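Working notes, structure below.
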Amino acid sequence: MKISFKSQTDNLEKHVNQLMRENYAALENDVINNCSKNIENKYKSEFDFKLRKVENMPGNKDLVSILGSLKEAYQQSGLNKDVECIDNQIKKLDLQA
Amino acid sequence: MKISELKNYSYKLNFKQSPVAVNIGAITGIDNKVDEFVKHRFEKEKQTKLQLLSSAVYDRFTKSCNAKINEIEKFKQPYNKANMLKSVASSYYQGGDVEKAGVILAQAFNALDKEEPYRQNEIKSFIESKENKKILEDFFYCSNNIKAKYFVMKSLNKLDNPYYLPIAEAVCDCDSQRVAPNDKKTIYEAKLFLNRYYDLNMIYSYIDENDNYKIGALNLLSKWGLEKHQKLPQKLFDDENEYVYAKARQTESNLKRASNFIDIEDDNFEPNRLLPEKNEMPDRIKLLKYIEENKDRDVDINSIKQLGQVGITIREAQAVRPQKDKQYSRYEAAKAEAFLKIVLRGNIKKSYL
């Protein structure tokens, strides 16, 4: 009769690590799936609300875009002093960004 | 047991050897111990791991959300940008800087994309707002900045919305009660805008009526006409009335030079005019009533001109229509000009009258 040994009792550390890995993998899977779902359910609407709110609040990039438009209009209207002021503002914002 | 039976039995049992797995771990109990050890260690580390994982997931969510928020280009949609510029214009206007308000509002119009999907109604009410009209009317009344006025008129022409035709008319008419003087370039831009909507060729059908119509038509052509309208004054070159002939020559030369202007490089403009206390368009209904009630005697010429500035209906045209049998007079010619303006504005064909 042939006899094979299923586990290598002399390599317990390897065995333990393997089991730990398997457990962690299951845990990770569980956490990522459930946690993502929970977070989405809990914060998605809050985020969407924030997003909509932000749409109406200009940031530096947006200010530069608006100032660029103003500059163009002032340039064509001969308002040269205002063009200089706007140039300085744009520089400041660029530095901040 | 008989040998023969034994043979059969051995055949049934099949003595071929099959491997037997011996689980030493299970037999010795090591497996259980390992399981328990792992379980214990896992439970011990589980909370930390769980926290790490969930905060990683939360971080990932927050990071991606913040990235989305930062990436929003609020003014990617032209309407949003135009709206922001309009707010800036409004606050300048409320602060009393009419010139900047006008310039920025024109830039807001330039920023608009009239074809932006799902926004047609919003864009329409954005453009055709009373506040905008007031800002631009006041701007053209006050500003002596020739460059700014050219920029604003060019933007209005580009915007191509009939709501602002009255401003273009006032610019073409050089009506000092409504606009400060403009240069030829701005006036030409206003003429281009008017001619998108008014068909000045309609005037042809009226000039045969009498000299008053001829002079009225020539006066109007000098103000609103483009190079392409030279044919009408040319038609009057062989007119018996010398005054009509001279006027036709003058009008033709004005039309020829309509787009002949020099760019102004000087940025020193006269100071802006102060806003009048009341700068409103005349009331059409009151004017019409006044003119109709006093039809038997000569109504003051100013009321006739004013109705010519705002009238649009057949009834209003009839109210200022010059009489057929009257000889040339400035009064009757002014009536003819006002009449022709209403005809053009209302697109009133001769057969309707």
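The values are calculated or read from the model by the stated rules, or taken from the named source; none is laboratory data. Please read these numbers as outputs of a predicted model, since none were measured by experiment. As a convention, Cβ positions derive from the backbone with ideal geometry for all residues, glycine included, and neighbour counts pool all protein chains shown. Remember, those area values only see protein heavy atoms, side chains included, never the ligands or the DNA or RNA. Shrake-Rupley method; radii C 1.70, N 1.55, O 1.52, S 1.80 Å.
For region B:196-353, the C-alpha radius of gyration divided by 2.2 N^0.38 Å, with N the number of residues, is 1.15.
Once Rh is set to the Kirkwood radius over Cα pairs, what Stokes-Einstein translational diffusion coefficient, in µm²/s, holds for region A:58-97 at a temperature of 10 °C and a viscosity of 1.306 mPa s? Please report the intermediate quantities before stating the final value.
Values: Rh = 10.0 Å.
The calculation lands on 158 µm²/s.
Working note: Cα atoms of the protein assembly as shown, range along each principal axis, descending, whole Å: 153, 62, 42.
Can you give the calculated 222 nm mean residue ellipticity of the protein assembly as shown, where each DSSP H run of n ≥ 4 adds -39,500 (n - 2.57) and the sum is split over every residue, rounded to the nearest 500 deg cm²/dmol? Intermediate results must be reported in sequence, preceding the final value.
Working: 20 runs with 303 residues, N = 450.
Rounded to the nearest 500, the figure is -22000 deg cm²/dmol.
For the protein assembly as shown, what does the accessible surface come to per residue with a 1.4 Å probe? Please give it in Å². On a per-residue basis, 60 Å². Put B:Leu85, A:Leu51 in order of accessible area, highest first, and with a 1.4 Å probe you get A:Leu51, B:Leu85. Put simply, the amide H of B:Val22, placed in the peptide plane, has neighbours under 5 Å in A:Ser4, A:Lys6, leaving out anything fewer than 5 places away on its chain. Based on the Kirkwood approach, the hydrodynamic radius assigned to region A:10-57 is 13.7 Å, with every pair of different Cα atoms included.
Where in chain B is the longest stretch that carries no GluC sites (Glu not before Pro) classed as loop by DSSP and with at most 14 other Cβ atoms within 10 Å?
Working: sites that count: B:Glu73, B:Glu115, B:Glu128, B:Glu240, B:Glu265, B:Glu277, B:Glu280.
Longest site-free region, per DSSP loop and neighbour criteria: B:129-239.
When chain B is treated as a GNM with alpha-carbon contacts under 10 Å, the residue of B:Ala106, B:Ala67, B:Ala317 showing the greatest mean-square fluctuation is B:Ala67.
Between their Cα atoms, which of A:Lys61/B:Lys49; B:Lys114/B:Lys191; B:Lys149/B:Lys350; B:Lys74/B:Lys149 are more than 31 Å away from each other? Exceeds cut-off: A:Lys61/B:Lys49; B:Lys149/B:Lys350. For region A:22-37, a drop of 50 Å² or more in accessible area on going from the chain alone to the assembled protein chains (1.4 Å probe) is found at A:Tyr24, A:Leu27, A:Val31.
How large is the Rg to Rh ratio of chain B when both quantities use alpha carbon positions and Rh follows Kirkwood?
Values: Rg = 41.8 Å, Rh = 26.4 Å.
Using Cα coordinates only, the ratio equals 1.59.
Of B:Asp325, B:Asp300, A:Asp62, which has the most accessible area with a 1.4 Å probe, and how do the rest follow in descending order? Intermediate values should be presented prior to the final figure.
On the way: B:Asp325 135, B:Asp300 70, A:Asp62 10 Å².
If we order B:Asp325, B:Asp300, A:Asp62 from most to least accessible, we get B:Asp325, B:Asp300, A:Asp62.
Each of A:Leu27 and A:Glu84 was given a label point 7 Å from its Cα along the Cα-to-Cβ line. The distance between the two points is 6.7 nm.
Summed over both chains, the accessible area lost when A and B associate is about 4600 Å², using a 1.4 Å probe.
Principal axis analysis of the Cα atoms in region B:78-197 yields extents of 40, 34, 21 Å, listed in decreasing size.
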